[in-house]
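Chemist: One structure is given below, represented as structure tokens, and several questions about it will come after.
The values are calculated or read from the model by the stated rules, or taken from the named source; none is laboratory data. Please read these numbers as outputs of a predicted model, since none were measured by experiment. All Cβ positions, glycine included, derive from the backbone under ideal geometry; neighbour counts span all protein chains shown. These accessible areas exclude ligands, DNA and RNA; they are computed on the full protein's heavy atoms, side chains included. Shrake-Rupley method; radii C 1.70, N 1.55, O 1.52, S 1.80 Å.
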Amino acid sequence: MLSDRPSPRDAYPREATSALVWLLAAMVGAFALELVLVSPGFNASDQLHRGLAVSPAGLASGRVWTLATYWLLHSPTNLFHVGFVLAGLYAFGRALEPLLGVRRFV
């Protein structure tokens, strides 16, 4: 039977997805979610920025996770902003990830 034979596709090792691709996908996904949440149907812009953006008042009240989440927020009215950030991350990330290693790059 054909199912008893080994597949030639199994002989090739799969290449792992790079950290750069995961960061780019996270930014695009977060931007899409932000567009939905700030739409007139949800209108959660204030809560979103208060919960994820870095501010002295937020840090003083104990929201230390904002130091790790602020990079996910972008201007939903200016597509060039997120476009240039993604292009810059891609351009510099391709060169920096192999030099720094995955852990230091992220």
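Chemist: Any residue at all in the stretch 55-71 that's closer than 25 Å to LEU24 by Cβ and in contact with a Phe, Trp or Tyr (Cβ under 9 Å, 6 or more places away or on another chain)?
Modeler: no
Chemist: Let me confirm something: among VAL106, VAL36, VAL82, which residue is hydrophobic (A, V, I, L, M, F, W, C), open to solvent by 40 Å² or more (accessible area, probe 1.4 Å) and touching a helix residue (DSSP H, G or I) at 6+ places or on another chain (Cβ under 9 Å)? First the steps, then the outcome.
Modeler: Details: VAL36 fails: touching a helix residue (DSSP H, G or I) at 6+ places or on another chain (Cβ under 9 Å); VAL82 fails: open to solvent by 40 Å² or more (accessible area, probe 1.4 Å).
Just a single option satisfies the conditions, and that option is VAL106.
Chemist: Please specify each residue of the stretch 61-74 satisfying the condition of being open to solvent by 90 Å² or more (accessible area, probe 1.4 Å) and over 20 Å from VAL36 (Cα atoms).
Modeler: Passing the criteria: VAL64, TRP65, LEU67.
Chemist: If you don't mind, another one. Across the stretch 43-68, what is the number of residues that are assigned to a helix (DSSP H, G or I) and hydroxyl-bearing (Ser, Thr, Tyr)? So that I can check it myself, show each step before the final result.
Modeler: Quick first cut of the stretch 43-68, residues assigned to a helix (DSSP H, G or I) only: 45-52, 56-60, 66-68.
Pick out the ones that are also hydroxyl-bearing (Ser, Thr, Tyr) and you get 45, 66.
Qualifying residue count, the stretch 43-68: 2.
Chemist: So, of the residues in the stretch 10-42 that are outside any helix (DSSP H, G or I) and over 25 Å from LEU86 (Cα atoms), which turns out to be modelled with the lowest pLDDT?
Modeler: TYR12
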